[in-house]
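The structure appears below as structure tokens.
The values are calculated or read from the model by the stated rules, or taken from the named source; none is laboratory data. These numbers come from a predicted model, not from an experiment. Methodologically, a virtual Cβ is constructed for each residue, glycine included, from the backbone with ideal geometry; neighbour enumeration extends over all protein chains shown. Ligands, DNA and RNA are excluded from the accessible area calculation, which covers all protein heavy atoms including side chains. Shrake-Rupley method; radii C 1.70, N 1.55, O 1.52, S 1.80 Å.
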Amino acid sequence: MEVPKTIPVYPASPRKQHGLSQPLQNVWDEFYMNLALDQARQAALSGEVPVGAVIVRWGPGPGAKSVIIAEAHNQREALKDPTAHAEILCLRAAGRQLGNWQLIDCTMYVTLEPCTMCAGALTNARIRRIVFGCLDPKAGATGSLYNIAGDIRLNHRPEVTSGLLSDEASRLLKEFFAVRRKSSNRGAAEPSK
């Protein structure tokens, strides 16, 4: 079954996305996803699964200004913490930066579709939009395997856009795991995912 590029969910509000025209929104989305890809590359260099995330806060009205609130990458191995996914670390940093757990008018850009833990945390944080790169058919929770962000039983449903720069995000993951398998075949201990 093929998952659509944009997963239908109930919109956060009837107004235009952050007051920007769609072509302009697409340019900004690509810019911020490239920053998330930079974070993913940092993760790979650290021996972590290459997933990166960026949270941006948008100002109100036409011509809205955006501000990067937080950036992070996976650090499960470094922190010995199963919750140290890029999205969770980014949410924590954004909450500290804003002094509030509610991330209203913020967008999360992440290179891989969020898992159930991350999709739940993003929904609980009241994030307005989730924009991700490649689908995760084994653990994705914003459309692939589950659709937490679009569950009508929840009191908040962020808008979800998928597939942005997915080829690059997917390539980073494939290269990382190819190197890991090659090292594992040489007798090296394989770190946990």
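Remind me, what semi-axes does region 73-172 give for its equivalent ellipsoid, largest first in whole Å, using sqrt of 5 times each Cα gyration tensor eigenvalue?
Values: eigenvalues 72, 63, 32 Å².
Semi-axes (√(5λ), whole Å): 19, 18, 13.
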request  = Figure the gain on full extension for R171 and E30 (residue separation times 0.36 nm, minus the Cα-Cα span) and round it to one decimal in nm.
outcome  = 49.1 nm
E77 accessible area, assembled protein chains, probe 1.4 Å, Å² = 50 Å²
Sites N100 and N155 - FRET efficiency at Förster radius 22 Å, r taken between beta-carbons, to 0.05 = 0.80
key: Of the trypsin sites (Lys or Arg not before Pro) in region 24-76, those whose Cβ has at most 16 other Cβ within 10 Å and which sit in DSSP loop   = K65
key: Cα-projected label distance for K182 with K80, points at 7 Å along beta-carbon direction, nm   = 3.1 nm
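Assuming R0 = 25 Å, what is the FRET efficiency of N124 and L145, from their Cβ-Cβ distance, to the nearest 0.05? Mind dumping the intermediate values first?
Working: r = 19 Å, r/R0 = 0.77.
Here the calculated transfer efficiency is 0.85.
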note = Counting only protein heavy atoms and leaving out ligands, DNA and RNA, the solvent-accessible surface of D136 at a 1.4 Å probe, in Å² to the nearest 10, equals 30 Å²
remark   = In nm, the gap between the two label points placed 7 Å beyond Cα toward Cβ at V67 and M117 is 3.0 nm
Loop trypsin sites (Lys or Arg not before Pro), region 103-145, which have at most 14 other Cβ atoms in a 10 Å radius of their Cβ (DSSP) = K138
message = With a 1.4 Å probe and all protein chains kept in place, how much accessible area does I152 have, in Å² rounded to the nearest 10?
response = 110 Å²
